[in-house]
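J.: Quick one: the structure is below, questions incoming.
The values are calculated or read from the model by the stated rules, or taken from the named source; none is laboratory data. None of these values were measured; they are calculated from a predicted model. For neighbour counting, all protein chains shown are included, and Cβ atoms are generated from backbone atoms with ideal geometry for every residue, glycine included.
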Amino acid sequence: MSKVLESGVPAGTEQGQVGRAVKRLESQAKVTGRAEYIHNLEVPGMLHAKVVRSTIAHARIRGIDTQEAKELPGVYDVITGEDILKVIPDPYYGPAFHDQPILALDKVRHVGEPVAVVLATDVHVADRATDLVEIDYEELEPLFHEVESAKSETTFVHDVIRPAGTFADLKTLQPRAKTNVSMEYHLRNGDLDAAFAKADRVFEHTFRSQQVSHLPLEPIVTLAQLTDTGNLLIHTASQSPSFVRIEVARLLGWPENKVRVRTAYLGGGFGAKLYIKLEALVAALALITQRPVRLSLTMEEQFYTITRHAATVTIRTGVTNDGRIVARDCKTWWNGGAYADIGPRVTQKSGFTAAGPYDIEAVSLDSYAVYTNLPPAGALRGFGIPQLVWAYESQADIIARELGIDPLEFRRKNILRNGRPHATGTVMEDVGTVEVLEELARKMRWDEPFDHGSGPIRRGRGLAIGIKAAVSPTTSVAFVNLYSDGSCGVYCGTVDMGQGSDTAMAQIAADVLGLEAESVRVIHPDTEVTPYDMATLGSRSTFHMGNAVRLAAEDAKRQMVALCAEQTGFAPEALAVQDGGVAAPDGSFFTYGDILARRFGMQAGNVLGVGSYFPYYKKPDATTGMSDHITPYWMVGGSGVEVEVDTETGKVRIVRLVTVGDCGKAINPGIVKRQLSGASFMQMGFTLFEEMVFDEGQVVNASMADYKIPGFWDLPEQNEVSIVEVPHRNGPFGAKGIGETGSLGLSPAVANAVYDAVGVRIYETPLTPERVLRALREQQGRVWGDA
Amino acid sequence: MAELQTIRFRLNGRPVELAVQPYETLVEALRRGFQMYSVRESCGQGLCGCCTVNVDGRAVSGCLYLAVLVDGCDVQTVEGLGTLNQLSPVQEAFVECEGFQCGFCTPGMIMMATQLLQENPDPTDEEIKHYMSGNLCRCAAYPEIIAAVHRAAEKLRAQTAAGNTPATAIMAQR
């Protein structure tokens, strides 16, 4: 049961709030410049922090001389790792491993690592003083490439690797030493050798993805202060306020209730503002100075704070001559940089999807999280999946063409259908693989002839489809509060960073309670007020928080109906909720405000609904890596492109872009459409030109002058987005997440189109003119040497 | 510390003065002195457009523009275009077309679009892309922004047809 929605066409529910084209609740605030961002926050008595960063990729610290910096007029203090130890004796943090020191101790592991902090009331003074801090290094051999580093037996980024034990799925990890592989995941399903023996052809290729930057336009920023009772109040542009609270409390050995973390609208996140970034440092600085401290990164500093994993994927696939994939063996090395951040979870969660949306008899997957001396890598819109889809969907085209089968037909033959087990053993349910592929074919008019052009500009088309498992296990809790006049507030920890979650949550609550979505107020994350939420990441909020909000709204509704039943004498089943109140069978109608006024004798009281959502999950088996409940839902995204390749310059231009995503049920079709299109454009940057370029660990293009992101001129002439709705049995109103779906398939779709246009295969992103031109020259037997 | 210099200028129509450092940028001065939080520094190099401010009728990058230079000038920010209840036609169009996601680049986009429409009441897609190419949106709401500029152009043409001058039409109608 699925249907394809023409974008913008609402499909209503009973109360008509879900599926309605509600304008974003914060529209006016954003266009008037009034929307609250932590970027805007200043408090009296505040100190500005500026970070002194390592200039060396891997070194022992022999000494830090802060004297001259401390003497600069206006400098309040200069803080080093030794000072941090006085307030936090074990200052190592991180979501998957406790490996990142708040400020470097004894060693630096990447260029840009924070070594000291200057504090001053004038930010310019602090900035100037950072140049006066002298650090004496003893250089060590650096490791930059993930495969090299994984094999190293002499140089280690960390002497001991310490798992955090935070996540249920990573709980069993043991500390390791003498390796740069922080974590590995293996999946073994079926008899691989026997399956390969059945194959008529075996293909093996290696694909690589580059480091890229999230680059949210609101720089990463945190302001921490002590409250009157000495507790911590942390204002932070974070996607995960609950996690920040838990982690800062852990570092301090405090109970959670002494740490308050709040956020506001984020000026973009994309994974850059996840888990813990500046918060531990700024909290420590506030404790040391007993003053409010603000740290806002410059654009350059963002490049050194978090990146997307570069990855090397070697994929070996056995196929029969009629185009059936029978065996797949895939090895992935993730370049995690110097600190694990969420890399180990990327390694596992992406790792197990490396076989793609295909039904394959035997699968063997190995996925390695590798430390290197580069800036830390984390999650960026897709949690590693785009790097894997880049490999398996590029290879799918290579195989199809070698076998003389149409690339679409090849995918149709192998597509994983509902009712069939995924490589992990989890049986597919309510997954839109077939629907997305077919919609993509229709939109691309794949069965129609295509003009490849002649002369120097050649045209080609390509498509690709990717699948992602929602990160699990995770929890969301929500409160729905009906105030004494019957108006409604939704308390949830989902951070609205532009994805429109405030509006979606309001629509869900409104639909249950028979209210207008526009009348619902969504209270922004503040751990003092809003309940626990794992984080705003991995396209999880619509499903997890959406369910929590729906359950909380139903709880509030049940209580309201029960009160009204008590007051009117009707049975609860006879009462109906509509238009912000309860209708009785005798035609009488009571607003929620009326019901509360009758209960308390005046305008007073609250009805508080609580909802908590925690989907069932089974951790992968330690030997096989399999689980019959690996994820609560799957996301499927397909991309199709038509490109023009200039054979004289190597320039690739996307002239038509088609993005298809299965969202289960579009809570707000316009917002869903824009999420798909935004993700697709972002991925276009990663595919065609975005690349962090390193020289001895230093980012040589750490500015928007040298690192270009997609702008107006990069828009394809034709841009089409198609929403597919395959409702999920456990989704709120059938909905699934959509934030990353548009990212999944684009890169290989472009490479496949380039091949279709000019017959050269590109194995590494980005597809810069230089890379494409080199491949074209090689095809002509005119190999170019390195410049 | 260098010596402070007092500058006097009009901010969104009202006369103001502020003592500034000679190296202070317009973004810093507008935020520190007047809490004009629509003016935002992101790239710090005049490349992203988040800090777009109008000085004497010309859009400038506030992160590169020294505050001392606005002495005697007329400075306009998004705060001066419209209010929560009274949006300007360009602001209205951005709401109607959902020309934003995270909203961080939005004030800069609106300032630039406002200036474009004063110069060119009926721009083509190409002209919009060309004029706005110095404003970046990491959420990539570009198609919606282009649609919003077209929608705003329609609104403004309707207003000028009704007798408003282009200069008054561009402001929220009070």
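This table checks each residue for (1) over 21 Å from residue A:673 (Cα atoms); (2) at pLDDT below 95.
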| position | (1), (2) |
| --- | --- |
| B:79 | yes, no |
| B:128 | yes, no |
| B:131 | yes, no |
| B:142 | no, no |
| B:145 | no, no |
| B:152 | yes, no |
| B:172 | yes, yes |
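J.: State whether the residues of segment A:617-627 include one that is within 14 Å of chain B (Cβ to nearest Cβ) and over 19 Å from the mean Cα position of the chain (by Cα).
T.: No: zero hits.
J.: Can I ask one more? What are the residue pairs meeting all of these: first residue in segment A:193-222, first residue closer than 15 Å to residue A:316 by Cα and in contact (Cβ under 8 Å) with a residue 60 or more places away in the chain, second residue among the aromatic types (Phe, Trp, Tyr) and surrounded by 15 or more Cβ atoms within 10 Å (Cβ to Cβ), Cβ atoms under 6 Å, and 6 or more apart or on different chains?
T.: Pairs found: A:207/A:390; A:207/A:763.
J.: In segment A:24-71, how many residues are free of Cβ contacts under 8 Å to residues at least 60 places away in the same chain, in contact with a helix residue (DSSP H, G or I) (Cβ under 7 Å, 6 or more places away or on another chain) and part of a loop (DSSP other than H, G, I, E, B)?
T.: 2
J.: Among what's in segment A:676-695 and is of a type outside the set (A, V, I, L, M, F, W, C) and over 15 Å from residue A:303 (Cβ atoms), pick the residue that is surrounded by the fewest Cβ atoms within 10 Å (Cβ to Cβ).
T.: Out of the qualifying residues, it is A:677.
Residues are listed down the side, and each one gets a yes or a no for (1) in contact with a Lys or Arg (Cβ under 8 Å, 6 or more places away or on another chain); (2) free of Cβ contacts under 8 Å to residues at least 40 places away in the same chain; (3) surrounded by fewer than 24 Cβ atoms within 10 Å (Cβ to Cβ):
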| site | (1), (2), (3) |
| --- | --- |
| A:306 | yes, no, no |
| A:311 | yes, no, no |
| A:345 | no, no, no |
| A:355 | yes, no, no |
| A:366 | yes, no, yes |
| A:384 | yes, no, no |
| A:399 | yes, no, yes |
| A:414 | yes, no, yes |
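J.: Considering only strands (runs of 3 or more DSSP E) fully contained in segment A:264-361, which possess at least 3 residues that are out of contact with any Pro (no Cβ under 9 Å at 6 or more places or on another chain) and in the same structural domain as residue A:699 (by TED's automatic domain parsing)?
T.: So the answer is A:310-319, A:325-335.
J.: Would you pick out the residues in segment B:38-64 that are in a loop (DSSP other than H, G, I, E, B), under 12 Å from the mean Cα position of the chain (by Cα) and buried (at least 17 other Cβ atoms within 10 Å of the Cβ)?
T.: Across segment B:38-64, the qualifying residues are B:38, B:39, B:40, B:49, B:50, B:51, B:62.
J.: Looking at A:593, A:601, A:605, A:580 in this structure, which one is farther than 30 Å from residue A:38 by Cβ, of a type outside the set (S, T, N, Q) and at pLDDT below 95?
T.: A:580
J.: Consider segment A:517-528. How many of its residues are under 19 Å from residue A:666 (Cα atoms) and out of contact with any helix residue (DSSP H, G or I) (no Cβ under 6 Å at 6 or more places or on another chain)?
T.: Count: 1.
J.: Just the residues that are touching a Cys at 6+ places or on another chain (Cβ under 7 Å) and either more than 9 Å from chain A (Cβ to nearest Cβ) or under 12 Å from residue A:711 (Cβ atoms) (or both), please, taken from segment B:111-144.
T.: B:135, B:136, B:137
J.: Okay, moving on. If you go through segment A:292-300 one residue at a time, do you hit one that is surrounded by fewer than 24 Cβ atoms within 10 Å (Cβ to Cβ), charged (D, E, K, R) and within 12 Å of another protein chain (Cβ to nearest Cβ)?
T.: Yes, the conditions are met somewhere in segment A:292-300.
J.: Out of A:212, A:157, report the one residue that is within 24 Å of the chain's Cα centre (by Cα), closer than 25 Å to residue A:369 by Cβ and either surrounded by 16 or more Cβ atoms within 10 Å (Cβ to Cβ) or modelled with pLDDT of 95 or more (or both).
T.: Checking each option against the conditions leaves just A:212.
J.: Please enumerate the residues belonging to segment B:1-31 that are without any contact (Cβ under 8 Å) to a residue 12 or more places away in the chain and over 20 Å from residue A:32 (Cβ atoms).
T.: B:15, B:17 - these are the residues of segment B:1-31 that are without any contact (Cβ under 8 Å) to a residue 12 or more places away in the chain and over 20 Å from residue A:32 (Cβ atoms).
J.: Mind counting the residues in segment B:65-84 that are within 12 Å of chain A (Cβ to nearest Cβ), touching a residue at least 12 places away in the same chain (Cβ under 8 Å) and assigned to a loop (DSSP other than H, G, I, E, B)?
T.: 4
J.: Which of the residues belonging to segment A:650-676 are more than 20 Å from residue A:383 (Cβ to Cβ), within 11 Å of chain B (Cβ to nearest Cβ) and not in a strand (DSSP E or B)?
T.: Those that are more than 20 Å from residue A:383 (Cβ to Cβ), within 11 Å of chain B (Cβ to nearest Cβ) and not in a strand (DSSP E or B): A:668, A:670, A:671, A:673, A:674.
J.: Another question, then. Does residue B:90 satisfy the criteria of being more than 10 Å from every other protein chain (Cβ to nearest Cβ) and touching a residue at least 12 places away in the same chain (Cβ under 8 Å)?
T.: Judged against the criteria, residue B:90 is not a match.
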